[in-house]
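Have a look at the structure below, then the notes.
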Amino acid sequence: MIENISLSFWEQQSYFEGVDLLIVGAGIVGLNAARAAKELKPNWKILVVDRGAFLPYGASTRNAGFACFGSMTELMDDLKSNSEDQVFSLVEKRWKGLLKLRAVLGDENIGYEERGGYELFAEMEDLLFDSCFDEMEKFNAHLKSLTGIENVYQIASPQIKEFGFHGIKHLIKNKAEGQIDTGKMMKSLLALVRSLGVEVLNGIEIKSWQEKENYLLVETGNGFAIPVQQMLITTNAFAKQLLPDLNVQPGRAQVLITSHIENLKVKGTFHVDKGYYYFRNVGDRLLLGGGRNLDFAGEKTYDFGITENIQSHLQEMLKNTILPNQKFDIEQRWSGIMGLGPNKTTIVKKVEERIGCAVRMGGMGIAIGTLIGEEAAGLMI
């Protein structure tokens, strides 16, 4: 519960007077928007607030840490409802976004490891694998033009035995994908933003606002109001709670991680069943997430939490497919909330003269959040 407080004169003057830009949401998009805005307008007073008590509230520190820009089946599925230009334009944005993230923070500060990404095909998925094989040359031509890398997608089925999977017949590797430590990433981004002179405050919930003659008066759930020149909403999945007309829906993603596994063979990032399941190593632990397809309606929620149905399915996948004949214990379980829409497009726009938004990352926040934050900063400036 957020504490209701009355500000002192000193608090009002130091933190909340003369704010040029208020950013609501201290995730990857909000902090990058603050960074970019401060670089463009060094004299602006920029304040970032988040209702999370001590960490960002949504998904930026609660994801799987995939530095990925698209498995083959994901892109083929996207092509069913979008043009080639649209699909590969998004791939390009994801690729450039990852490069920008690495350039801004540095690989060491985000725990970046380029181990490659793999897509698994079960014994009954021959037709799906064959369709990928048929399109591989064309996809690689597209990816080379975007990344400069030859043969991004490669058949890697001989590695199935090396990884120790059971019931998997085919494997496709994306050699340009990697993984990051999202805890390190957000700590580094927060430190960078604060070093630029941006104030970031947690435990502040925005409830409403009033348009005044030459400013906005933004009401908080804490019992005080903040006068600001402009406001940018970057709360992603939760944006609809502030802007009801936005077409943004929540999608909960459940995750688990094992304790240390001796001689863990699985290294890299992996997708199963068109990306509805995903796993990776975190050192010698195994992280597994997904299963939203088991209960789309139930996972369309703003509530953090886990369910017996999905968690038991994830655990069975670990036991029967990913780590067969290996002992493991589940160390932690958690969930994050993604911002989804009818297609994989973000919403970056002005909704009122002094109010903008940058939301609906579609589960791609790690890949595109840095660029979207910069785009949002440009929108407000």
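The number of residues in the stretch 28-53 that are in a loop (DSSP other than H, G, I, E, B), farther than 29 Å from Arg252 by Cβ and hydrophobic (A, V, I, L, M, F, W, C) comes to 1.
In the stretch 158-169, the residues that are farther than 15 Å from Gly268 by Cβ form Cβ pairs under 9 Å with partners that are among the polar types (S, T, N, Q), at six or more places apart or across chains, as follows: His166/Asn320; His166/Thr321; His166/Asn325; Gly167/Asn320; Gly167/Thr321; Lys169/Ser157.
Residue selection: Ala239 satisfies the criterion of being of a type in the set (A, V, I, L, M, F, W, C) and in contact with a strand residue (DSSP E or B) (Cβ under 6 Å, 6 or more places away or on another chain).
Quick one: which residue in Val282, Val272 is in contact with a helix residue (DSSP H, G or I) (Cβ under 8 Å, 6 or more places away or on another chain) and in the same structural domain as Ala122 (by TED's automatic domain parsing)? Walk me through how you get there before you give the answer.
Working: Val282 fails: in contact with a helix residue (DSSP H, G or I) (Cβ under 8 Å, 6 or more places away or on another chain).
Result: Val272 is the single residue among Val282, Val272 that is in contact with a helix residue (DSSP H, G or I) (Cβ under 8 Å, 6 or more places away or on another chain) and in the same structural domain as Ala122 (by TED's automatic domain parsing).
Summed over the stretch 54-99, residues that are assigned to a helix (DSSP H, G or I) and either of a type in the set (S, T, N, Q) or in contact with an Asp or Glu (Cβ under 8 Å, 6 or more places away or on another chain) (or both) total 7. Hey, does the stretch 344-352 have a residue that's in contact (Cβ under 8 Å) with a residue 12 or more places away in the chain, loosely packed, with under 15 Cβ neighbours inside 10 Å and in a loop (DSSP other than H, G, I, E, B)? Checked the stretch 344-352: at least one residue is in contact (Cβ under 8 Å) with a residue 12 or more places away in the chain, loosely packed, with under 15 Cβ neighbours inside 10 Å and in a loop (DSSP other than H, G, I, E, B).
Checked against the criterion of being touching a residue at least 12 places away in the same chain (Cβ under 8 Å), within 22 Å of Ala36 (Cα to Cα), among the hydrophobic types (A, V, I, L, M, F, W, C) and buried (at least 20 other Cβ atoms within 10 Å of the Cβ), the stretch 112-133 has no qualifying residue.
Any idea which residue in the stretch 263-281 is modelled with the highest pLDDT, counting only those that are surrounded by fewer than 18 Cβ atoms within 10 Å (Cβ to Cβ) and under 19 Å from the mean Cα position of the chain (by Cα)? Can you show your working first?
Let us first name the residues in the stretch 263-281 that are surrounded by fewer than 18 Cβ atoms within 10 Å (Cβ to Cβ), namely 263, 265, 267, 274, 276.
Filter once more, so that each one left must be under 19 Å from the mean Cα position of the chain (by Cα): 274, 276.
Working: Lys274: 84, Tyr276: 92.
Once the filter is applied, the top-ranked residue is Tyr276.
On the basis of being under 25 Å from the mean Cα position of the chain (by Cα), assigned to a loop (DSSP other than H, G, I, E, B) and not aromatic (Phe, Trp, Tyr), does Ile172 make the cut? When the stated conditions are applied, Ile172 does not pass them.
The values are calculated or read from the model by the stated rules, or taken from the named source; none is laboratory data. Worth saying up front: this structure is predicted, and the values here are computed from it rather than measured. Cβ sites come from the backbone with ideal geometry, for glycine too, and all protein chains shown count toward neighbours.
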